[in-house]
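Worksheet: the structure to be examined is printed underneath.
The values are calculated or read from the model by the stated rules, or taken from the named source; none is laboratory data. Because the structure is predicted, anything quoted here is derived from the model rather than measured. We place every Cβ from the backbone using ideal geometry, glycine too, and count neighbours over all the protein chains shown. Heavy atoms of the whole protein, side chains included, go into the accessibility calculation; ligands, DNA and RNA do not. Shrake-Rupley method; radii C 1.70, N 1.55, O 1.52, S 1.80 Å.
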Amino acid sequence: MVLSGAQAAAIQGNWKNIEAQAQEYANALFLKYLTANPGDQARFPKFAEVPLGDLRSNADFNSQTIVIVKALSAIVANLGDVQKAAELLRQRVRTHYKRNITMAQFERLLDLLPMFVQENALAGGDVADAWRIAIADLMPAMRDEYSRLQ
């Protein structure tokens, strides 16, 4: 399935809720990720040893999470042009590959998004479904880039 213009607009409209409180949502998303994938916290040396419950008050954690949401914001802004959004993700794969971030880790984070926006950012089922389609449309470009780097 291909993301429609209306679906891209629905994601973009809902994303405004996230951008309005970017740090709060950024922290919530990444805490959800680390709760589901606790071993991945070790990949972030600046806050690897910080207890999960203390991460929100850690400046390094806050810096990392806001970078993630800003990157997602750029992708969301370009969902009307899937090729451009895919290129932004390819760039992320290239920079993260150097830090031993796996494709599976990207997938686990992106897999969280549809339910996360529904549970936390006032998204309806239609927006969550649009996210699922967007991720399915963009994932092949990420996988191709990751394979090219190996």
Requested in this report: Just one of (1) in contact with a helix residue (DSSP H, G or I) (Cβ under 8 Å, 6 or more places away or on another chain); (2) part of a helix (DSSP H, G or I); (3) of a type outside the set (S, T, Y); (4) open to solvent by 30 Å² or more (accessible area, probe 1.4 Å) trips up A6, so point out which.
Outcome: (1)
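Which one of these is open to solvent by 20 Å² or more (accessible area, probe 1.4 Å) and either touching a residue at least 40 places away in the same chain (Cβ under 8 Å) or of a type outside the set (A, V, I, L, M) (or both): F106, F47, F61, F116? Before the answer, list the steps.
Numbers: F47 fails: open to solvent by 20 Å² or more (accessible area, probe 1.4 Å); F61 fails: open to solvent by 20 Å² or more (accessible area, probe 1.4 Å); F116 fails: open to solvent by 20 Å² or more (accessible area, probe 1.4 Å).
None of the others qualify; the one that does is F106.
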Query raised in the report: Of the numbered conditions (1) open to solvent by 80 Å² or more (accessible area, probe 1.4 Å); (2) of a type outside the set (S, T, Y); (3) over 17 Å from A9 (Cβ atoms), M139 satisfies every one except a single condition; which is it?
Result: (1)
Query raised in the report: What is the number of the single condition among (1) under 24 Å from I133 (Cα atoms); (2) surrounded by fewer than 16 Cβ atoms within 10 Å (Cβ to Cβ); (3) at pLDDT 95 or above; (4) not acidic (D, E) that M1 does not meet?
Result: (3)
Query - Sole exception among (1) closer than 26 Å to E24 by Cα; (2) assigned to a helix (DSSP H, G or I) for E145, by number - result: (1)
